[in-house]
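Down below is the structure, laid out as structure tokens.
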Amino acid sequence: GSPVRARFLQTYLQQDEDKYVAYWTVRRYIGKGVPPREMGSADEMIRVVQSIPGAIGYVAVANLPSGANVLLR
């Protein structure tokens, strides 16, 4: 429900929150996947992404730590 999430969903997935949730509800129900892990805060997202090789995430520019690898801004 955050503005950053809404912007990410609209810009990169061309979905709103309802469509995103519906997509993963169906996928999970038919056994074709599980949704990406969701974090409760930007700090948690950063800690998880830094601790898992190959992980990616999105945060507001204001929360971007120095030295982070940015794929797209």
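Below is a table of values for the structure above.
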read-out: Compactness of the chain as Cα Rg over 2.2 N^0.38 Å, two decimals; value: 1.20
read-out: For the chain, accessible area per residue (1.4 Å probe, heavy atoms of protein chains only), Å²; value: 81 Å²
read-out: Nearest-ten-degree value, helix 17-29 long axis tilted from longest Cα axis of the chain; value: 60 degrees
read-out: Relative contact order, percent, the chain [alpha-carbon distance under 8 Å, six or more residues apart]; value: 20 percent
read-out: Rough spin-label spacing in nm, given labels placed 7 Å along Cα→Cβ, for residue 10 and residue 55; value: 2.8 nm
read-out: Region 5-33-region 53-70 distance, computed between alpha-carbon centres (Å); value: 22 Å
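The values are calculated or read from the model by the stated rules, or taken from the named source; none is laboratory data. If you're wondering where the values come from, they're calculated on a predicted model, not measured in any experiment. Methodologically, a virtual Cβ is constructed for each residue, glycine included, from the backbone with ideal geometry; neighbour enumeration extends over all protein chains shown. Accessible surface is based on the protein model in full, side chains and every heavy atom, while ligands, DNA and RNA are left aside. Shrake-Rupley method; radii C 1.70, N 1.55, O 1.52, S 1.80 Å.
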